[in-house]
Amino acid sequence: MLQACDIKYLVVHCSATPDDEPMGAPQIHDMHLGFGWHGIGYHRVINRNGVVESGRPDYWQGAHVYGHNEISLGVCLIGCDFFTEAQFDALESVLKEWREACPTASICGHRDFSYTDKTCPNFDVARWCQSRGLEAFTPPPA
């Protein structure tokens with residue numbers, strides 16, 4: 001079971017699906033079951049209209065960032081290249097909520113972990129955090 005004091009990373013993802021494809025947490029849950037996982041790997045999913053859906057409970061280890069799931073929470077923006085202002089507003093709210101519970105956790109994008117070649121979430125999370133007045137803290141480990 002995850003404990004807030006153990007969370008070191010708040011990781012931003014994208015679904016890497018077409019920006020106009022309707023999708024949400026139930027569809028990602030089904031997709032992840034198809035991968036052989038125990039259901040949705042993210043803790044939150046943010047739809048195109050900014051609605052935040054629950055994935056795994058925050059106390060349950062995610063399946064979203066290889067080798068760091070036991071010390072991270074993951075949020076997924078639906079889409080690939082162009083995210084809505086409503087999504088970014090919701091992302092800010094989710095990250096502020098998590099930061100309150102995990103004040104020393106670093107905010108980063110999945111692509112910031114050195115083990116992956118993924119570009120997810122397809123934008124610079126640290127720069128985005130700066131534009132929103134959120135401190136991203138340190139980058140993830142090599």
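Of note:
- Taking the criterion of being touching a helix residue (DSSP H, G or I) at 6+ places or on another chain (Cβ under 7 Å), free of Cβ contacts under 8 Å to residues at least 40 places away in the same chain, part of a loop (DSSP other than H, G, I, E, B) and among the β-branched types (Val, Ile, Thr), the only residue of segment 1-55 that qualifies is Ile40.
- Residue list for segment 56-104, filter: in contact with a Phe, Trp or Tyr (Cβ under 6 Å, 6 or more places away or on another chain) and either over 27 Å from Gly36 (Cα atoms) or outside any loop (DSSP other than H, G, I, E, B) (or both): Ser72, Leu73, Gly74, Cys76, Leu77
- In segment 5-13, the count of residues that are open to solvent by 20 Å² or more (accessible area, probe 1.4 Å) and out of contact with any strand residue (DSSP E or B) (no Cβ under 8 Å at 6 or more places or on another chain) is one or more.
Residues are listed down the side, and each one gets a yes or a no for (1) touching a Leu at 6+ places or on another chain (Cβ under 9 Å); (2) at pLDDT below 95; (3) surrounded by 22 or more Cβ atoms within 10 Å (Cβ to Cβ):
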site	(1), (2), (3)
His38	no, yes, no
Arg44	yes, no, yes
Ser54	no, no, no
Gly79	no, no, yes
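- Top-ranked residue in segment 82-111 [being β-branched (Val, Ile, Thr) and open to solvent by 20 Å² or more (accessible area, probe 1.4 Å); ranked as modelled with the highest pLDDT]: Thr84
- Gly34 being surrounded by fewer than 14 Cβ atoms within 10 Å (Cβ to Cβ) and of a type in the set (Gly, Ala, Ser): yes
- Every residue from segment 112-127 that is over 19 Å from Asp19 (Cα atoms) and either modelled with pLDDT of 95 or more or not in a loop (DSSP other than H, G, I, E, B) (or both): Asp112, Ala126, Arg127
- Test: residue in segment 122-134 that is in contact with a Pro (Cβ under 8 Å, 6 or more places away or on another chain) and either farther than 12 Å from Val11 by Cβ or open to solvent by less than 20 Å² (accessible area, probe 1.4 Å) (or both): yes
- Looking at Asp30, Asp19, Asp6, just one residue is acidic (Asp, Glu) and either more than 25 Å from Cys129 (Cα to Cα) or touching a Pro at 6+ places or on another chain (Cβ under 8 Å) (or both), and that residue is Asp30.
The values are calculated or read from the model by the stated rules, or taken from the named source; none is laboratory data. If you're wondering where the values come from, they're calculated on a predicted model, not measured in any experiment. Virtual Cβ from ideal backbone geometry, glycine too; neighbours counted across all protein chains shown. Ligands, DNA and RNA are excluded from the accessible area calculation, which covers all protein heavy atoms including side chains. Shrake-Rupley method; radii C 1.70, N 1.55, O 1.52, S 1.80 Å.
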